[in-house]
1. Given a 1.4 Å probe and the protein chains all in place, what does the accessible area of Asp404 round to, in Å² to the nearest 10?
2. Taking amide H atoms as placed 1.01 Å from N in the peptide plane, list the residues 5 or more away in sequence, or in a different chain, whose amide H sits under 5 Å from that of Ile29.
3. Quick one, what does Rg over Rh come out to for the chain if you take C-alpha atoms and the Kirkwood Rh?
4. Could you give P(r) for the range 17-71, binned at 5 Å from zero, as whole percent values over all Cα-Cα pairs?
5. Taking only the Cα atoms of the range 39-93, how large is their convex hull per residue, in Å³?
6. Under a 5 Å amide H to amide H cut-off, with H placed in plane at 1.01 Å, what residues pair with Met140 once short-range neighbours are removed?
7. What ³J(HN,Hα) values, in whole Hz, does the Karplus curve 6.51 cos²θ - 1.76 cosθ + 1.60 give for the range 291-306 when θ = phi - 60°, with x put for Gly and Pro?
8. How much length would be gained if the chain were fully extended between Ile99 and Thr224, taking 0.36 nm per residue of separation minus their Cα-Cα distance, in nm to one decimal?
Amino acid sequence: MDRRFHAQPVACPVCGPKIWLADQRGDTIESDSDRTIARCAKILRDGKIAAIKGLGGFHLAVDATNEQAVQELRKRKYRDAKPFAMMAASIETIEKYAIVDEVSQKLLQSPESPIVLLDKKKPNSIASAATFGTNRFGFMLCYTPLHHLLFAEDGIEVLVMTSANLSDEPLICNNEQAVEDLGEMADVFLMHDRDIFRQVDDSVVHEVNGQAAFLRRARGYVPTPIYRDVPVGKEIFAAGPDLKNTFCFVKGDQYLMSEHIGDLADGRVYRHYVKSVEHLQNLFEVKPEVVVCDLHPGYLSTHYAEQFKDVELIRVQHHWAHIASALADANEEGPVIGLVADGTGYGTDGAIWGCECLIASLTEFERLGHLAYYPLAGGDKASKEAIRPLIGLLGPDGIDEYTDILARIEPDADKVRLICTQIEKGLNTVQTSSLGRLFDAVAVLVGLGTKNRFEAELPMALESIIADGVDDSYTMELADVEGVFQLQYKPMLQGILSDIHHNINAGIVAAKFHNAICEGLLALAQKAREKAGLNDVALSGGVFCNRYLANRMIRRLQDEGFRVLWKKSVPVNDGGIALGQAAIAAAMTK
């Protein structure tokens, strides 16, 4: 009963830890340690799927070079397209398949052992089904003794190691639940008797501008605090967003970010969110006096925040929180020029924002400019079906002019007419400045697919085909509309459609499009500098997960004499929102 019993170094023949191999019913088929690992390795070599208990939950593992086995894993996991992470035992092995630069090597070999995104080497023997539609592999090295023992077996070189759950649901970490929920996915279970008290996903990072940049901050990095110079007198809870949710507690000078939680719209994820809040709150003995949430009235995280009793409740606009997270990450107060590019965020005018230029500090913000509004029909469907933003962007004249292109993308003419009617009558239609949906529209125009089967599938595909050595760009114009600068997308769209008509290579179109976005955002930053006299620019938003765009944007800003704030401790996507919410609340309650 002594708590020291649970210490990681404890290992003995009596107390354990013990490992065993179980079948789909949970019945033990091997319990001798050496034979258990050897037998699991043989099963994997034979193209079968193993559920392997790790540090923060179970992984589903399969031979990454076996096309049929990887396809079978996709089928059983109901994961049609999203790339799988992979594991290897050494840098030398990874270098057979991917380009490993100095920054990436340090990340791979760090104690945190995250998944690191690396450019593919071509040709390679990794199954195409592992990561089709992207130009990068996600690799991690072994990070538990069990992993090392498994990879020491002959014939085990690279394994797909993906989270053991149904797509988008929380990780499974309990032995009994694993058998119950994964029995139809895994052929065998490699288990141990060390309980996992809190499931945690693998962290995901890549290299941007010569430094590590988070895409998902979780195992290995959480709950390490983020420190700020000015301590806060009141304890704070920041509820975070609904997509890519993380939350944050503030205690003194410590900002305690949670691990990646996920999409709260899923009931299991929401319940995991509630339990995680309670767990972290008890672990660090935080009693929030101030609670901060997103401005969006329909967010589940907002509803959760509203349930706190006897607290001050602060509501923060989504994109302001994005820029505040960059300020908090840099341990600064602002003001700065904020360039935010993402898919969606509830605006102060009731529209859906998504490409914004702000003048922002931790206490206030002003919207200086944005991508020109266009109508978006269909609610949540608009983020999945690229035909919807495309119709809104083309407008009535464009729809009549490019009927042949629309028919190629969406053969169902009735559906096209229905979307047009929705927009014309304003039914389930919002005005938006979303840059993410503009990426969807361009991707569908160049023939990369018609749907996002997972978040940002089409934009990722568009990034993956960018042609090398292209510096030309399409035209984006700035218009001053009642004192707000609007980035006009129509000249760019016309250029794209003209190039498609003249059969210009899709990679060149993709490059010119990305370059145009950079030049448009740079023009907004220059207008902000003229108006506010500021020289510091903070970048944030999920669109900047696009490494080509992020690197080019940073370089172009620096070429024009700007100082760029790029996040080091939290993701640039919505996974960093809670830090920004917390920093704003802290600044308002000094």
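1. In the full protein context, Asp404 sits at about 110 Å².
2. Placed amide hydrogens put Leu21, Ala22, Asp23 under 5 Å from Ile29.
3. Details: Rg = 24.5 Å, Rh = 25.1 Å.
Looking at the chain, the ratio lands at 0.97.
4. P(r) over the range 17-71, rounded to whole percents: 4, 19, 25, 28, 16, 7, 1.
5. Values: hull volume 6.0 nm³, N = 55.
Dividing the Cα hull volume of the range 39-93 by its residue count gives 110 Å³.
6. Hits under the 5 Å cutoff: Met86, Met87, Ala88, Val116.
7. 3J(HN,Hα) across the range 291-306, in whole Hz: 10, 10, 9, 6, 5, 5, x, x, 5, 5, 5, 5, 4, 5, 4, 5.
8. Values: separation 125, 0.36 × 125 = 45.00 nm, distance 2.97 nm.
So the chain would gain 42.0 nm between Ile99 and Thr224.
The values are calculated or read from the model by the stated rules, or taken from the named source; none is laboratory data. What you see is a predicted model; the values in this text were computed from it and never measured. Here the Cβ is made from the backbone with ideal geometry for all residues, glycine too, and neighbour counts use every protein chain on show. Just so you know, the surface numbers come from the protein's heavy atoms only, side chains and all, with ligands and any DNA or RNA stripped out. Shrake-Rupley method; radii C 1.70, N 1.55, O 1.52, S 1.80 Å.
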